[in-house]
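Below you'll find the structure, written out as structure tokens, and then a few comments.
The values are calculated or read from the model by the stated rules, or taken from the named source; none is laboratory data. Everything numeric in this text was worked out from a predicted model, so none of it was measured. Here Cβ is always computed from backbone atoms with ideal geometry, including for glycine, and neighbour counts include all displayed protein chains. These area figures cover heavy atoms from the full protein model, side chains too; ligands, DNA and RNA do not enter into them. Shrake-Rupley method; radii C 1.70, N 1.55, O 1.52, S 1.80 Å.
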Amino acid sequence: MTGARSHLLPGDEEFVRELVRHAEDLQPLEWVETHGDLQLRNVLIAPDTAAESDALDVFVAVIDFERSEPGPAVRDLVRLSDAWAGRPDLFEAFVAGYGRSLTAAEEARLVIDAALDSVSGIAYGVTHRDPELVERGRRTLARLRAEHREALSPTGDAT
């Protein structure tokens, strides 16, 4: 928090600290292998020019696995969720492709991890002169504060 503190808006630090306090009471989630930095700039999408059919084929690749490690599956949704922020239709399309809705505990963990990632992104972005990371961090914190004003229970449900 220290590296980002001077770049946070009033109330951001308290909001994140309150979320972290709730994280201690959340039910543990199943761990899986995670990418660790899944975001749009680490997904390559291009038409597949090698395809022999007339159908529009698309080549998709995920790159940058240096932060891969075991963790809750929602870890990979933290940065990816920026792609559907403000677009419930895109989130619904993701959930349909994912094959299931997120549990209340997963949704709560996603909020907490997104807030922590925002602070980390702001600190890193300022230090490394990456304005995109700073902006994403600020935008995400503002969205989370607007959407999650209420405290979360140990199951992830709003109290």
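Full extension of the chain between Leu40 and Glu24 gives 2.8 nm of extra length, using 0.36 nm per residue less the Cα-Cα distance.
Helix 131-147 sits at what angle to the longest principal axis of the chain, using alpha carbons and giving 0 to 90 degrees rounded to 10? Tilt of helix 131-147: around 60 degrees. In this structure the range 58-156 gives 54 Å² per residue of accessible area when probed at 1.4 Å with all protein chains present. For Arg17 and Tyr124, a Förster radius of 25 Å and the Cβ-Cβ distance give a FRET efficiency of 0.80, rounded to the nearest 0.05. In this structure Glu135 has an accessible area near 90 Å², from a 1.4 Å probe over the protein heavy atoms.
Measure nothing fancy, just the Cα-based angle from helix 104-127's long axis to the longest principal axis of the chain, in degrees from 0 to 90, nearest 10. Helix 104-127 and the main axis of the chain meet at about 90 degrees. Think of it as helices only: each DSSP H run of n ≥ 4 in the chain is worth -39500 (n - 2.57), and spread over all residues that comes to -13500 deg cm²/dmol at 222 nm. Taking all Cα pairs closer than 8 Å and separated by 6 or more residues, the relative contact order of the chain comes to 29 percent. In the range 11-121, the portion of solvent-accessible area held by carbon and sulfur atoms comes to 55 percent [1.4 Å probe, whole percent, DNA, RNA and ligands not counted]. For the residues Trp84, Trp31, a 1.4 Å probe over the protein chains yields an accessible-area ranking, largest first, of Trp31, Trp84.
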